[in-house]
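A.B. asks: This is the structure, below, for whatever I ask next.
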Amino acid sequence: MTFLLPCFFNPSAFLLSSRQEVCRAHAQDGWALDDCVSTFEVLNVDREGVTSAPPEGVLICGLFLEGARWDRSRSALADMEPKVLFSPLPVLHISATAEKQKQGAASLSGVYMYECPVYKTPRRADEFVSTVELRCLEPPSKWILRGLCLLMTID
């Protein structure tokens, strides 16, 4: 089951509640909401390709990249095609983990994570929702300079 994030009146609250549910499932491990951070994984499937729900977290769809595209073969951000303004992001799995576990994870050489802002509309002003970490093969500064973001609507 995937959730169409742009359909939520308060998408920030939905994302927070999904993190809270993962923390509750790990209460016996001593996880507290303040000690948990969100984790993100772009799945290389569209909404129609999802066959089952993940054991933890939620699957969301309906987001568009502005300033880049998702390269499914490399599972990373890539340059946009010429004359294309927006590119759909495949299904995104959002879950949570203890902050200590995330900091202790070994980083792969040549792989970076870009903290991509999510906005409701292309206007961006006063419409910030959250940030999503996206895998990239170039330093994040490239995407920052391009103003890369995720949008919930492109109208």
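Let's see how each residue does on (1) farther than 12 Å from residue 95 by Cα; (2) in contact with a Ser or Thr (Cβ under 9 Å, 6 or more places away or on another chain); (3) aromatic (Phe, Trp, Tyr):
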site	(1), (2), (3)
21	no, no, no
27	yes, no, no
30	yes, no, no
33	yes, no, no
39	no, yes, no
46	yes, no, no
51	yes, no, no
54	no, yes, no
58	no, yes, no
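A.B. asks: I've got another one for you. Would you pick out the residues in segment 55-69 that are part of a strand (DSSP E or B) and within 17 Å of residue 153 (Cα to Cα)? Full working, then the answer.
C.D. replies: Taking segment 55-69 as the starting set, the residues that turn out to be part of a strand (DSSP E or B) are 58-61, 64-66, 69.
Matches in segment 55-69: 60, 61, 64, 65, 66, 69.
A.B. asks: Please count how many residues of segment 54-90 are in contact with a helix residue (DSSP H, G or I) (Cβ under 6 Å, 6 or more places away or on another chain) and among the aliphatic types (A, V, I, L, M).
C.D. replies: Qualifying residue count for the region: 2.
A.B. asks: Under 6 Å by Cβ, and 6 or more places apart or on different chains, what pairs join a residue from segment 132-144 that is on the phi < 0 side of the Ramachandran plot with one that is exposed (fewer than 14 other Cβ atoms within 10 Å of the Cβ) and modelled with pLDDT of 95 or more?
C.D. replies: 133/115
A.B. asks: Still on this structure, please answer the following. Looking at 73, 52, 38, which is the one that is outside any loop (DSSP other than H, G, I, E, B) and not aliphatic (A, V, I, L, M)? Talk me through it step by step, then tell me what you get.
C.D. replies: Numbers: 73 fails: outside any loop (DSSP other than H, G, I, E, B); 52 fails: outside any loop (DSSP other than H, G, I, E, B).
On inspection, the qualifying residue turns out to be 38.
A.B. asks: For the subset of segment 76-118 comprising residues that are of a type in the set (S, T, N, Q) and at pLDDT below 95, which member is nearest to residue 1 (Cα to Cα)?
C.D. replies: Here is the first cut: in segment 76-118, the residues of a type in the set (S, T, N, Q) are 87, 95, 97, 101, 103, 107, 109.
Of the ones still in play, those that are also at pLDDT below 95 are 95, 97, 101, 103, 107, 109.
On the way: 95: 14, 97: 21, 101: 27, 103: 30, 107: 30, 109: 33 Å.
Out of the qualifying residues, it is 95.
A.B. asks: Hey, could you check segment 125-153 for residues that are over 17 Å from the mean Cα position of the chain (by Cα) and assigned to a loop (DSSP other than H, G, I, E, B) and say which is surrounded by the most Cβ atoms within 10 Å (Cβ to Cβ)? Show your work before the answer.
C.D. replies: Of all residues in segment 125-153, those over 17 Å from the mean Cα position of the chain (by Cα) come to 125-126, 138-139, 141-142, 145-146.
Filter again for assigned to a loop (DSSP other than H, G, I, E, B), leaving 125-126, 138-139.
On the way: 125: 7, 126: 7, 138: 14, 139: 10.
By that ranking, first place goes to 138.
A.B. asks: Those residues that are in contact with a Cys (Cβ under 8 Å, 6 or more places away or on another chain) and closer than 18 Å to residue 89 by Cα, I need them from segment 125-151; list them, please.
C.D. replies: Within segment 125-151, the first condition is being in contact with a Cys (Cβ under 8 Å, 6 or more places away or on another chain), and the residues that meet it are 131-134, 142-143, 148-150.
Within segment 125-151, 131, 132, 133, 134, 143, 148, 149, 150 qualify.
A.B. asks: Scan segment 13-59 for residues that are among the polar types (S, T, N, Q) and either surrounded by 11 or more Cβ atoms within 10 Å (Cβ to Cβ) or within 24 Å of residue 73 (Cα to Cα) (or both) and jot them down.
C.D. replies: Of all residues in segment 13-59, those among the polar types (S, T, N, Q) come to 17-18, 20, 28, 38-39, 44, 51-52.
Listed by number, the residues that qualify are 17, 18, 20, 38, 39, 44, 51, 52.
A.B. asks: Do the conditions hold for residue 115, that is, is it in contact (Cβ under 8 Å) with a residue 24 or more places away in the chain, surrounded by fewer than 19 Cβ atoms within 10 Å (Cβ to Cβ) and closer than 20 Å to residue 135 by Cα?
C.D. replies: Criteria met by residue 115.
The values are calculated or read from the model by the stated rules, or taken from the named source; none is laboratory data. Since this is a predicted model, take the numbers as computed values, not measurements. All Cβ positions, glycine included, derive from the backbone under ideal geometry; neighbour counts span all protein chains shown.
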